[in-house]
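Novice: To start, I am sharing the structure in question, which I have written as structure tokens.
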Amino acid sequence: MSETNPADEPLWRAKLRNSKIATVSIVLLVALVAIIAFALTNLASKESAQSVETQVPGVAEVGKPAPDFTATLIDGSTFKLSDYQGEPVWLVFQTTWCSGCKAELESVQKVSDSAQDSGLRVLAIYVGEDVDTVRGFVSRMGISFGHAADENGKLSKAYGVSGVPAHFFIAADGTIAQSHVGVLDERQMSENLLRIR
């Protein structure tokens, strides 16, 4: 049977309570827990701030200037959006594996061909894909407008692209007249082009 103090407290607990080493150990343990909690909270805040800085949500908005960019096309030429100030531009964000994107490509080609007299520039931007993949896809599809690989996703982030296909119709003054996420038919494409011609 263990020894107890007058208050029915086990002797080992009474000794622990009266020990300076035990008191210091408990204080150090509480301080360590507090430091770890502070460090984890600070780390989470930094990670959250970094994700906000890199996502750039809502930069491309209807009625506002389109974010300028320079892209290297799959034929090696350069496309700089601001070089086409005064001309309508149609950006189509897509991928080679997206069935909806493939389905509408023929219509994009047909409608853009019919609007060439307006000086329309069409650029397909392939989200997260490399140049070789895009080049092979375009060769198989037989599409003649401009194509650029957005391998690091920087351009699609700048435009806030959340799904493909995503269309941005940019007026001659450089503002985004209309945007649309999802497949468009020829009538919808033509209607959107009328807003920027």
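The values are calculated or read from the model by the stated rules, or taken from the named source; none is laboratory data. Values in this document were obtained by computation on a predicted structure and should not be read as measured data. Cβ: placed from backbone, ideal geometry, glycine included. Neighbour counts: every protein chain shown. Keep in mind that these areas ignore ligands, DNA and RNA; they rest on the heavy atoms of the full protein, side chains included. Shrake-Rupley method; radii C 1.70, N 1.55, O 1.52, S 1.80 Å.
Each row is one residue, and each column tells you yes or no for (1) under 18 Å from residue 103 (Cβ atoms); (2) touching a Pro at 6+ places or on another chain (Cβ under 6 Å); (3) surrounded by 13 or more Cβ atoms within 10 Å (Cβ to Cβ); (4) in the same structural domain as residue 176 (by the TED database).
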residue: 120; (1), (2), (3), (4): no, yes, yes, yes
residue: 123; (1), (2), (3), (4): no, no, yes, yes
residue: 133; (1), (2), (3), (4): no, no, yes, yes
residue: 139; (1), (2), (3), (4): no, no, no, yes
residue: 165; (1), (2), (3), (4): yes, no, yes, yes
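Novice: Let me ask something additional. Any idea which of 114, 144 is closer than 16 Å to residue 195 by Cα and surrounded by fewer than 17 Cβ atoms within 10 Å (Cβ to Cβ)?
Specialist: On the way: 144 fails: closer than 16 Å to residue 195 by Cα.
Answer to the selection: 114.
Novice: Among the candidates 103, 149, single out the residue that is closer than 23 Å to residue 84 by Cβ and in contact (Cβ under 8 Å) with a residue 24 or more places away in the chain.
Specialist: Values: 103 fails: closer than 23 Å to residue 84 by Cβ.
Only one candidate qualifies: 149.
Novice: Among the numbered conditions (1) at pLDDT 95 or above; (2) at positive phi; (3) open to solvent by less than 40 Å² (accessible area, probe 1.4 Å); (4) not aromatic (Phe, Trp, Tyr), tell me where residue 128 comes up short.
Specialist: So the condition that residue 128 fails would be (3).
Novice: Restricting the search to the stretch 86-143, which residues are within 18 Å of the chain's Cα centre (by Cα) and under 16 Å from residue 188 (Cα atoms)?
Specialist: Result: 91, 92.
Novice: When the stretch 99-111 is examined, which residues are found to be open to solvent by less than 30 Å² (accessible area, probe 1.4 Å) and either touching a Phe, Trp or Tyr at 6+ places or on another chain (Cβ under 6 Å) or of a type outside the set (A, V, I, L, M) (or both)? First the steps, then the outcome.
Specialist: Restricting attention to the stretch 99-111, the residues satisfying the condition of being open to solvent by less than 30 Å² (accessible area, probe 1.4 Å) are 100-101, 104-105, 107-109, 111.
Correct list: 100, 101, 104, 107, 109.
Novice: For the stretch 70-98, how many residues are of a type in the set (Phe, Trp, Tyr), touching a helix residue (DSSP H, G or I) at 6+ places or on another chain (Cβ under 6 Å) and open to solvent by 20 Å² or more (accessible area, probe 1.4 Å)?
Specialist: First, pick out the residues of the stretch 70-98 that are of a type in the set (Phe, Trp, Tyr): 79, 84, 90, 93, 97.
This time we only want the ones that are touching a helix residue (DSSP H, G or I) at 6+ places or on another chain (Cβ under 6 Å), so: 93.
Going one step further and asking which of them are open to solvent by 20 Å² or more (accessible area, probe 1.4 Å), we end up with none.
The number of residues fulfilling the criteria is 0.
Novice: Within the stretch 149-163, can one find any residue that is farther than 19 Å from residue 79 by Cα and exposed (fewer than 14 other Cβ atoms within 10 Å of the Cβ)?
Specialist: Yes.
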